[in-house]
Amino acid sequence: MVARIWEEMEVKVPASEAWKLYGSLYLAKVVVEALPDRFSKFEVMMNLETGTAGPASYKEKYTVVDDERRVKEAELVEGGFLDLGFTLYRVRGEVIEKEGKKEECIVRGTIEYEVKEEAAANAALVSIEPLRALMQAAADYLTRNYNTNNV
């Protein structure tokens, strides 16, 4: 069975502006600069991204980047939670227009995971906190830069 945790955050920029960041690799640069204690590096290697957030280093692959729906998904393909008995670890980011408020949007981050029965105790290691920190760093960047460029 797949388990899921998520976080939503309001951001005071239009969804189209937020997606310019979330839909690009520039998001990784913003996050590494804002949170060097949590995210130490990000490299693109043949469409695989590596990082060190989580229990160990890992490689992930973007499986969905949908500009129309403003959805981006990445799945672990090596290391990290997979080394701890997980069979699936997927992170999804969505940028949603806020109804009636064109200058605001909602960003939703979701983690979906599945773990082998013999490693079920490791499910307690899954935390929304690193994703929440990433979302907050992106929101701060967007608000700061959008307001600076559109006053």
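The values are calculated or read from the model by the stated rules, or taken from the named source; none is laboratory data. Bear in mind that the values here come from a model prediction, so they are computed numbers and not experimental data. Using ideal geometry, Cβ is built from the backbone for each residue, glycine included, and neighbour counts are taken over all protein chains shown.
Points to keep in mind about this one:
- Search result, residues across the stretch 40-75 that are at pLDDT 95 or above and within 19 Å of residue 122 (Cα to Cα): 75
- Residue count, the stretch 1-40 (criterion: in a helix (DSSP H, G or I) and aromatic (Phe, Trp, Tyr)): 3
- Residue list for the stretch 102-127, filter: farther than 21 Å from residue 142 by Cα and either at pLDDT below 95 or not in a strand (DSSP E or B) (or both): 116, 117, 118, 119, 120, 121, 122, 123, 124, 125, 126, 127
- Within the stretch 84-102, the set of residues being closer than 23 Å to residue 122 by Cα and exposed (fewer than 15 other Cβ atoms within 10 Å of the Cβ) comprises 87, 88.
- Note on the stretch 128-151: among residues that are surrounded by 13 or more Cβ atoms within 10 Å (Cβ to Cβ) and polar (S, T, N, Q), the one that is modelled with the lowest pLDDT is 145.
- Residue count, the stretch 79-101 (criterion: more than 16 Å from the chain's Cα centre (by Cα) and either closer than 21 Å to residue 21 by Cα or part of a loop (DSSP other than H, G, I, E, B) (or both)): 6
- Residue pairs meeting the criteria (Cβ under 6 Å; at least 6 apart or on separate chains; first over 16 Å from residue 142 (Cα atoms), in the stretch 1-25; second in a helix (DSSP H, G or I) and modelled with pLDDT of 95 or more): 7/132
- For the stretch 17-29, the set of residues classified as touching a helix residue (DSSP H, G or I) at 6+ places or on another chain (Cβ under 6 Å) and under 18 Å from residue 73 (Cα atoms) consists of 18, 21, 27, listed by residue number.
- Within the option set 94, 78, being touching a strand residue (DSSP E or B) at 6+ places or on another chain (Cβ under 9 Å) and at pLDDT below 95 holds for one residue only, 78.
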